[in-house]
Amino acid sequence: MERNDVIEKFLRYVKVDTQSDDTTGTSPSTMKQHDLAKILFNELKEIGASDVFYDEEHCYVYATIPSNAENGSELPAIGFVAHMDTSDEVSGKDVKPRIVEKYDGKDIILNEKENVALSPVDFPELSNHVGEDLIVTDGTTLLGADDKAGVAEIMTMAETLLKNSDIRHGDIKIAFTPDEEIGAGTAYFDLEKFGAKYAYTVDGGKLGELEYENFNAAEGNIFVNGRSVHPGDAKNKMINAALICYEFHSLLPAFMNPMYTEKREGFFHLTEVKGGTEKASASYIIRDHDEVLFEKKKKLFMDAADFLNKKYGEGTVVVEMHDQYYNMISKIRPHMHLVDNAKKIMENLGITPIDSPIRGGTDGAALSYKGLPCPNLCTGGYNYHGKYEYASVQEMKKVVEILLGIVSEYGK
């Protein structure tokens, strides 16, 4: 496998542990993200990219593929962005990827000892990959296709452009970010240094996905103050904080839950409950694509706390809530050429574009609100954030073709 091959790059990158951590309060949230940043920085210099810069404090990597067109200064600078960190939901340490050649449609045994199998019974979309080569985990870690597939695809695009002068293009800007998984991927992103007029994040999934709409997002935390009394003498005295957490949750709509929602349906997602009789807390994420429905969900969250405070006494339930990011669609609409050109390239390659609202967020959403319109492209990865994660070799190679096609389109 050649070193400039997208799969070779991907297999190397996923072996670098880059999990982020939302509890540290630092930027980057984990120092190990620097390990991949240094690799990418050195590789970009080795392949001949220009303006290669490594932000050693905050762990961002930037580079430029200079225009090779006579009127390059008249062409828009197009950017491509991917994040280096992986989710902390499942371990990203000692990732052992392997390639299942010409998938036959049956169960893939990831770990015989642990009885872990990737099955089309549980993941029906596997049936769409019969005959393809799939990169899977060993059943003990995540794979890291989110978003090291995007990183590898951008790096392969960059190397291809530097080796092939036949593809006419303007300045191409590249950036790799930390901490996207904890919502802090653009906290210290230097738009001026990046220098792109428009950009794409390469952080989606299924081949053909083109995303320019995402959730409005908020985080809500409740802190419950109870009253601990010996249970033998507790009548009309005890206030059980843990039970009030559950009572709070019961006031939220039962089916406005990730387990029961899809497409543009929003939700309340309980991520953690802890505590006992005296003190307890619960953490939620609140999501909706529609701004009006988003605000209604936040109000319902507050109303539930108000109801319990009236029932048990003021100050029993304390709410902390803050918005995390917003739907990028309003920032993309004035620049729909980004979407139209990506669709055109996909169709030229025989790929059916899939307009898919993101049930989450990307760095692109935050960048769009900072003034850099930035829809999201597919990577060919699936089942993110878990040990059943996999990526299609053929789809990843097609994504590289999509990136090169977009570059060429804006070089006309």
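Worth a mention:
- If you check Gly139, Gly204, Gly144, Gly150 for being closer than 27 Å to Asp17 by Cα and at pLDDT below 95, only one passes: Gly204.
- Qualifying position, being modelled with pLDDT of 95 or more, farther than 15 Å from Ile358 by Cβ, assigned to a helix (DSSP H, G or I) and not hydroxyl-bearing (Ser, Thr, Tyr), among Lys274, Lys310: Lys310
- Within the range 293-303, if we keep just the residues that are under 28 Å from Glu181 (Cβ atoms) and of a type outside the set (Lys, Arg), the residue that is nearest to the chain's Cα centre (by Cα) turns out to be Phe294.
- Residue in the range 56-74 that is surrounded by fewer than 24 Cβ atoms within 10 Å (Cβ to Cβ), over 23 Å from Arg12 (Cα atoms), assigned by TED's automatic domain parsing to the domain that holds Ala342 and among the hydrophobic types (A, V, I, L, M, F, W, C) present: yes
- Hits in the range 375-403 (condition: among the polar types (S, T, N, Q) and on the phi < 0 side of the Ramachandran plot): Asn376, Thr379, Ser392, Gln394
- Test set (1) more than 28 Å from Arg333 (Cβ to Cβ); (2) of a type in the set (D, E, K, R); (3) not assigned by TED's automatic domain parsing to the domain that holds Val319 - Glu209 fails condition number: (1)
- Every condition in (1) under 22 Å from Cys378 (Cβ atoms); (2) outside any helix (DSSP H, G or I) holds for Thr141 except the one numbered (1).
- Lys299, sole failed condition from (1) loosely packed, with under 13 Cβ neighbours inside 10 Å; (2) touching a strand residue (DSSP E or B) at 6+ places or on another chain (Cβ under 7 Å); (3) not assigned by TED's automatic domain parsing to the domain that holds Leu404: (2)
Residues checked against (1) within 27 Å of Tyr384 (Cβ to Cβ); (2) of a type in the set (Ser, Thr, Tyr); (3) buried (at least 19 other Cβ atoms within 10 Å of the Cβ):
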| position | (1), (2), (3) |
| --- | --- |
| Leu207 | yes, no, yes |
| Gly226 | no, no, yes |
| Ala234 | no, no, no |
| Asp290 | yes, no, no |
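- Lone qualifier among Glu125, Glu132, Glu89, Glu114 - being in contact with a His (Cβ under 7 Å, 6 or more places away or on another chain) and either outside the structural domain of Leu338 (by TED's automatic domain parsing) or not in a strand (DSSP E or B) (or both): Glu89
- For the range 32-52, the candidate set comprises residues that are in contact (Cβ under 8 Å) with a residue 40 or more places away in the chain and part of a loop (DSSP other than H, G, I, E, B); within that set, the residue that is farthest from Asp179 (Cα to Cα) is Gly48.
- Evaluation of Gly371 against (1) assigned by TED's automatic domain parsing to the domain that holds Lys173; (2) crowded, with 16+ Cβ neighbours inside 10 Å (one fails), failing number: (2)
Here's the yes/no breakdown for (1) crowded, with 23+ Cβ neighbours inside 10 Å; (2) out of contact with any Ser or Thr (no Cβ under 6 Å at 6 or more places or on another chain); (3) part of a strand (DSSP E or B):
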| position | (1), (2), (3) |
| --- | --- |
| Ala391 | yes, yes, yes |
| Lys397 | no, yes, no |
| Val400 | no, no, no |
| Leu403 | yes, yes, no |
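- Residue among Asn257, Asn221, Asn240 that alone is surrounded by fewer than 17 Cβ atoms within 10 Å (Cβ to Cβ), free of Cβ contacts under 8 Å to residues at least 60 places away in the same chain and polar (S, T, N, Q): Asn257
- Residue count for the range 276-287 under the criterion of being surrounded by 17 or more Cβ atoms within 10 Å (Cβ to Cβ) and either of a type in the set (A, V, I, L, M) or more than 18 Å from Glu89 (Cα to Cα) (or both): the result is 7.
- Of all residues in the range 340-369, those satisfying the criterion of being assigned to a loop (DSSP other than H, G, I, E, B) and either touching a Ser or Thr at 6+ places or on another chain (Cβ under 7 Å) or closer than 23 Å to Asp5 by Cα (or both) are Leu349, Gly350, Ile351, Thr362.
- Met321 in a strand (DSSP E or B) and surrounded by 15 or more Cβ atoms within 10 Å (Cβ to Cβ): yes
The values are calculated or read from the model by the stated rules, or taken from the named source; none is laboratory data. Since the structure is predicted, the reported quantities are computational estimates derived from the model, not experimental observations. Methodologically, a virtual Cβ is constructed for each residue, glycine included, from the backbone with ideal geometry; neighbour enumeration extends over all protein chains shown.
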